[in-house]
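**Student:** My questions will all concern the structure given below.
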Amino acid sequence: MRNLFLSATAAVLVTTAAGVDVQADERSNRDLRDNELEVGNVVFFHPDGSALQQWNAARMYWEGPDGFLQWDRMPWMAIYRGHMADRLTGTSNGGATTHAFGYKVIGPNSYGTDSGRSILSLSGYPGSISREAANAGHPTGLVNDGDIAGEPGTGAFFAETATRGEPAFQSLQLLGGRPGFNGFDGDPEADPDITDGEADPVVILGGGERFFLSEGTPYCGRSRLSLRRPRLNCFVHFDAIGAAEDVRDGMAPEQAILENGPARTDGRNLLEEAAADGYVIIRTRQQYKRLMRDLRNDPNYAPKVLGVFAADDIFNDQPEERVRAAGLVRNPETPIPDEVRRLPDDLALDKIGDLVIWGTPAGTWGPEAAPEAFRTPNSVNPPSVRELTRMASLILDRRSRMADRPFHLVVEVESTDNLPNNTNAIGTLRALKRSDDVIRELRQLEARRGLFGAGIGAFPTLLLTAADSDGGAMQVLAVNRVENEDAPVGSVSVNRTELPDEEVLPNLLDGLGGREVFPPFRAEPDALFQFRPLANGAGETEGAISVERLRFAVSWPSGADVAGGIISRAQGANASLLQSMFSGRFDNTDAYRMQYATLFGRMPRRAIGDLAPDRN
């Protein structure tokens, strides 16, 4: 066991201070017998970076301040505590490892390990809850709108690395197993046979194509890919912003595309290897739609699926100004995105603005010198995280019935963290809507005991949400009514000290298209929509009303992750524990306990105050 980061005196103080609460918790745990737990499927949904104020902003924008999100409709909730072993603010990789293993770990670099130290999970198993489930015959799956392996919210449930920044190695582990298993000694350049590794995730859907293919792999270009002819020896996706900026700096377009494409250095093509191991490989919306059609047509079809729909993250996680400068702007040919699919086209476009946040625009885009090279029809309209979750839950539901074991699915919306980390307000609001759409999909799954209706052997489902930190600390600032509704949002002063000759720093507010010079966001109607008095001003008449939507701007205190106010919500099997057992404290380690108790029917002990045991 490594040395504690606390001094001996501090450790005694912490143990003494926390001891009463831990003992009380253990007494309440003994009151819950394992035979009182409902065994079922587990969907752990992680809209990364989403704290209470983000959900408040999303509600205002998409449903109105008096409306309801799907997130609001989940019946059980608790306040989430997310500090790490060494810091008060959670990290994405440390938080994911805690959710997957049940112990607090060091924040930096912990990725399925405790800062590189191989650990046991809270159950005593030498691996995460997903690894334990898969190796026990439970169907498992991962969905992410970010890099499926490199983003820890999904990757740390199957990969174990010494540092966070090893996406190529983490991608290999999704398919080939972990170091120390099946003769794999942990050398990233070694050649573990992925057809003979640990039990595989059944479904892997997200971004990260570049980490499954090696440098030098040619570009597919405008070639049409199908399920039957997936063309796994070429790459479909490249980093759109990086390539556009490289061309602007003088690089030839074709070279810029290659530079922002595949990144493996070991010469391996993991897509071909995965196909040899039985995976169906999909990388485009057309392939997704065809596979969904096959799944609907055959109720017994439940293949292993690996889908990668972007070079890295599926979204363009940069400030609005940088996205716009790279040419990622909608044109008339660009499809209406999934989160506004139910709205009339004119209202949909009004809500999403003009920037392309997921995928690339239709037709040519980017630098004027490179129109032909920047035709990317296969990357124009990638499947949304809602659609990916729909496919994953359908396949896992079928696999669960075949195996007579509940499934375990981890879904992360990484865009709700990366976009606010880049102070992109419209992107954040759209990402939150996409997250809420996932919750709608999963609530329907839970209510029906199966995506397309109940059937023999269907298990109940726990839907549990958590975020490990607050990305960007997004704040809503009301914009007063003015005669010009499209007046720019401007800025507010910050850092006031009231000292002589003080420097008052401006905080540029974020509007629909970016900072300072863009118009404000308009909330959906509230309950007073028809009866709002005219704003004070010359010429106001008694009894006059103004039918208008309230407007707001977004203020960013920081682009960093902060502790924030995070609410976990739940629905379905054992969900009421959030407001019984966990009403006073729902720790990040308890996210593991809730998952484990539902999947395996045993409630692990409290882990607060304990370090994860060494594996060896």
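The values are calculated or read from the model by the stated rules, or taken from the named source; none is laboratory data. Being a predicted model, the structure only gives us computed values, none of them experimental. Methodologically, a virtual Cβ is constructed for each residue, glycine included, from the backbone with ideal geometry; neighbour enumeration extends over all protein chains shown.
**Student:** Within segment 232-254, which residues are more than 26 Å from the chain's Cα centre (by Cα), part of a helix (DSSP H, G or I) and either surrounded by 24 or more Cβ atoms within 10 Å (Cβ to Cβ) or hydrophobic (A, V, I, L, M, F, W, C) (or both)?
**Tutor:** The one that is more than 26 Å from the chain's Cα centre (by Cα), part of a helix (DSSP H, G or I) and either surrounded by 24 or more Cβ atoms within 10 Å (Cβ to Cβ) or hydrophobic (A, V, I, L, M, F, W, C) (or both): VAL247.
**Student:** Could you check segment 335-348 and list, in sequence order, the residues that are farther than 17 Å from LEU429 by Cα and more than 24 Å from the chain's Cα centre (by Cα)?
**Tutor:** PRO344, ASP345, ASP346
**Student:** Scan (1) more than 25 Å from PHE212 (Cα to Cα); (2) surrounded by fewer than 24 Cβ atoms within 10 Å (Cβ to Cβ); (3) not basic (Lys, Arg) for the single condition VAL105 breaks and write down its number.
**Tutor:** Condition (2) is where VAL105 drops out.
**Student:** Of all residues in segment 385-428 being acidic (Asp, Glu) and surrounded by fewer than 24 Cβ atoms within 10 Å (Cβ to Cβ), which is nearest to GLU151 (Cα to Cα)?
**Tutor:** Of everything passing the filter in segment 385-428, GLU387 is nearest to GLU151 (Cα to Cα).
**Student:** Same structure, new question: Determine whether ILE426 is in a helix (DSSP H, G or I) and under 24 Å from THR598 (Cα atoms).
**Tutor:** No.
Each row is one residue, and each column tells you yes or no for (1) of a type in the set (Lys, Arg); (2) over 23 Å from the mean Cα position of the chain (by Cα).
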| residue | (1), (2) |
| --- | --- |
| VAL554 | no, no |
| PRO557 | no, no |
| ASP561 | no, no |
| ALA575 | no, no |
| GLN579 | no, yes |
| ALA597 | no, yes |
| ARG602 | yes, yes |
| LEU611 | no, yes |
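**Student:** What pairs come up if the first residue lies in segment 267-294 and is in the same structural domain as ARG390 (by TED's automatic domain parsing), the second is acidic (Asp, Glu) and modelled with pLDDT of 95 or more, and their beta carbons are under 7 Å apart, counting only those six or more places apart or on different chains?
**Tutor:** From residues that are in the same structural domain as ARG390 (by TED's automatic domain parsing), the pairs are ARG283/GLU209; TYR288/GLU387.
**Student:** Any chance segment 398-406 includes a residue that's without any contact (Cβ under 8 Å) to a residue 60 or more places away in the chain, closer than 20 Å to PRO303 by Cβ and either part of a helix (DSSP H, G or I) or of a type in the set (Val, Ile, Thr) (or both)?
**Tutor:** Yes, that holds for at least one residue.
**Student:** Can you confirm whether ALA431 is out of contact with any helix residue (DSSP H, G or I) (no Cβ under 9 Å at 6 or more places or on another chain), crowded, with 24+ Cβ neighbours inside 10 Å and on the phi < 0 side of the Ramachandran plot?
**Tutor:** Answer is no for this residue.
**Student:** The conditions are (1) part of a helix (DSSP H, G or I); (2) surrounded by 15 or more Cβ atoms within 10 Å (Cβ to Cβ); (3) free of Cβ contacts under 8 Å to residues at least 24 places away in the same chain, and ILE257 fails exactly one of them. Which is it?
**Tutor:** Among (1) part of a helix (DSSP H, G or I); (2) surrounded by 15 or more Cβ atoms within 10 Å (Cβ to Cβ); (3) free of Cβ contacts under 8 Å to residues at least 24 places away in the same chain, the lone unmet condition for ILE257 is (3).
**Student:** When you scan segment 196-212, how many residues do you find that are in contact with a Leu (Cβ under 9 Å, 6 or more places away or on another chain) and over 18 Å from GLY146 (Cβ atoms)?
**Tutor:** So the count comes out to 3.
**Student:** For segment 349-365, does any single residue satisfy the condition of being under 23 Å from the mean Cα position of the chain (by Cα), part of a helix (DSSP H, G or I) and of a type in the set (Val, Ile, Thr)?
**Tutor:** Yes, the conditions are met somewhere in segment 349-365.
**Student:** Taking segment 34-65 as the search range and keeping residues that are among the acidic types (Asp, Glu) and either modelled with pLDDT of 95 or more or under 21 Å from GLU446 (Cβ atoms) (or both), which one is surrounded by the fewest Cβ atoms within 10 Å (Cβ to Cβ)?
**Tutor:** Ranking the candidates gives GLU36 first.
**Student:** Next question, about the same structure. Just checking: which of the strands (runs of 3 or more DSSP E) contained wholly in segment 499-616 hold 2 or more residues that are over 30 Å from SER115 (Cα atoms) and modelled with pLDDT under 95?
**Tutor:** Correct list: 505-508, 551-555.
**Student:** Can I ask one more? For segment 473-490, state whether one or more residues are in a strand (DSSP E or B), touching a helix residue (DSSP H, G or I) at 6+ places or on another chain (Cβ under 9 Å) and at pLDDT 85 or above. Step through it out loud before you land on a result.
**Tutor:** Start the filter on segment 473-490 by keeping residues that are in a strand (DSSP E or B), which leaves 475-479.
Then keep just the ones that are touching a helix residue (DSSP H, G or I) at 6+ places or on another chain (Cβ under 9 Å); that gives 475-476.
Then drop every residue that is not at pLDDT 85 or above, which leaves 475-476.
Yes, that holds for at least one residue.
**Student:** Turning to a different aspect of this structure: Taking GLY90, is it in a loop (DSSP other than H, G, I, E, B) and in contact with a Lys or Arg (Cβ under 9 Å, 6 or more places away or on another chain)?
**Tutor:** No.
**Student:** Which residue out of VAL236, VAL202 is of a type in the set (A, V, I, L, M, F, W, C), in contact with a Lys or Arg (Cβ under 6 Å, 6 or more places away or on another chain) and under 26 Å from THR140 (Cα atoms)?
**Tutor:** Every option except VAL202 fails the conditions.
**Student:** Taking segment 64-99 on its own, how many of its residues are over 21 Å from the mean Cα position of the chain (by Cα), farther than 23 Å from THR589 by Cβ and among the charged types (D, E, K, R)?
**Tutor:** Count: 1.
**Student:** Oh, and also: Would you mind telling me which numbered condition in (1) modelled with pLDDT under 95; (2) touching a helix residue (DSSP H, G or I) at 6+ places or on another chain (Cβ under 7 Å) ALA256 fails?
**Tutor:** Looking at each condition in turn, ALA256 falls short on (1).
**Student:** I'm trying to understand the selection: among the residues of segment 266-299, which are part of a loop (DSSP other than H, G, I, E, B) and touching a Ser or Thr at 6+ places or on another chain (Cβ under 7 Å)?
**Tutor:** Within segment 266-299, ASP266, GLY267, ARG268, ASN269, ASP277 qualify.
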